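Some notes on the structure that comes next.
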Amino acid sequence: MAKLTAPRDTNEIASGATSIVLPVKAATTIFQGSIVAIGSDGYAVPGKKAAGLKAAGRAEATVENTGSDGDAVVRVKRGVFIFDNSGTAANKVGIADVLGPCYIEDDQTVTKSATGASVAGLVVRVDDEGVAVEMGFGLTVPAAAS
């Protein structure tokens with residue numbers, strides 16, 4: 001496409017697309033309130049410790065896909081959500097991690113350990129309630145130099 005030479009009416013998605021609908025991986029259950037990630041094949045899966053996932057947000061309902069890839073869909077909310085902090089002392093997200101990335105440990109837990117994990121989102125707050133994570137907006141972190 002060429003650059004604009006006149007004004008353009010660029011459409012906006014309602015509510016800034018804070019809710020999106022994603023096709024679910026075959027033989028997969030995603031529980032309401034869980035971290036939802038997108039695998040390299042483009043299908044939604046529950047958050048888990050694995051490299052190469054993209055954090056999409058929080059599941060708005062429980063969805064069980066007993067069929068093939070994409071036979072079910074999950075509504076995912078993008079925003080700031082409170083998840084459990086890692087149970088491993090060395091991997092706990094702390095106050096010094098605020099405004100930095102945290103990583104997916106499982107579908108309800110985040111960790112500060114990047115090893116073998118995918119970015120969950122940006123740490124906004126850490127307290128007794130858990131870790132407030134801004135997620136679903138495409139935050140990625142470059143791989144460490146070797």
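The values are calculated or read from the model by the stated rules, or taken from the named source; none is laboratory data. Quantities reported herein were computed from a predicted structural model and do not represent experimental measurements. With ideal geometry, Cβ positions are generated from the backbone for all residues, glycine too; neighbour counts draw on all protein chains shown. Note: accessible area is taken over every heavy atom of the protein model, side chains too, but ligands, DNA and RNA are not part of it. Shrake-Rupley method; radii C 1.70, N 1.55, O 1.52, S 1.80 Å.
Of all residues in the range 83-110, those satisfying the criterion of being aliphatic (A, V, I, L, M), in contact with a strand residue (DSSP E or B) (Cβ under 8 Å, 6 or more places away or on another chain) and open to solvent by 60 Å² or more (accessible area, probe 1.4 Å) are I95, L99. Quick one: V80 ticks every box in (1) assigned to a loop (DSSP other than H, G, I, E, B); (2) out of contact with any Phe, Trp or Tyr (no Cβ under 8 Å at 6 or more places or on another chain); (3) surrounded by 14 or more Cβ atoms within 10 Å (Cβ to Cβ) except a single one, so which number is it? The failed condition is (1). When each of V45, V36, V21 is tested for being β-branched (V, I, T), in a strand (DSSP E or B) and farther than 23 Å from L122 by Cβ, the lone residue that passes is V21. Figure legend. Inter-residue proximity from the range 1-21: first residues closer than 20 Å to A56 by Cα, second residues in a loop (DSSP other than H, G, I, E, B), beta-carbon distance below 9 Å, spacing 6+ or different chains. Indicated pairs: G16/R78; A17/R78; T18/R78; T18/G136; S19/E60; S19/R78; I20/R78; I20/G136.
For the range 115-132, filtering for residues that are open to solvent by less than 50 Å² (accessible area, probe 1.4 Å) and not β-branched (V, I, T) leaves 8.
Residue-by-condition table, conditions (1) of a type in the set (S, T, Y); (2) within 13 Å of G136 (Cα to Cα); (3) open to solvent by 20 Å² or more (accessible area, probe 1.4 Å); (4) in a strand (DSSP E or B):
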position	(1), (2), (3), (4)
R58	no, yes, yes, yes
E64	no, no, yes, yes
D69	no, no, yes, no
R75	no, yes, yes, yes
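Could you tell me which residue of the range 7-26 is most open to solvent (accessible area, probe 1.4 Å), considering only residues that are farther than 18 Å from D106 by Cβ and modelled with pLDDT of 95 or more?
Taking the candidates together, the pick is V21.
Condition check ((1) over 21 Å from I20 (Cβ atoms); (2) in a loop (DSSP other than H, G, I, E, B); (3) out of contact with any Gly (no Cβ under 8 Å at 6 or more places or on another chain)) across all residues:
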| position | (1), (2), (3) |
| --- | --- |
| A114 | yes, yes, yes |
| A120 | no, no, no |
| V123 | yes, no, no |
| V126 | yes, no, no |
| E134 | no, no, no |
| F137 | no, yes, no |
| V141 | yes, yes, yes |
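When residues in the range 27-41 are screened for being open to solvent by 20 Å² or more (accessible area, probe 1.4 Å), of a type outside the set (A, V, I, L, M, F, W, C) and under 10 Å from R58 (Cα atoms), 2 of them pass. Counting the residues of the range 42-51 that are within 12 Å of the chain's Cα centre (by Cα) and open to solvent by less than 90 Å² (accessible area, probe 1.4 Å) gives 4. Summed over the range 91-121, residues that are within 19 Å of G52 (Cβ to Cβ) and of a type in the set (A, V, I, L, M, F, W, C) total 7.
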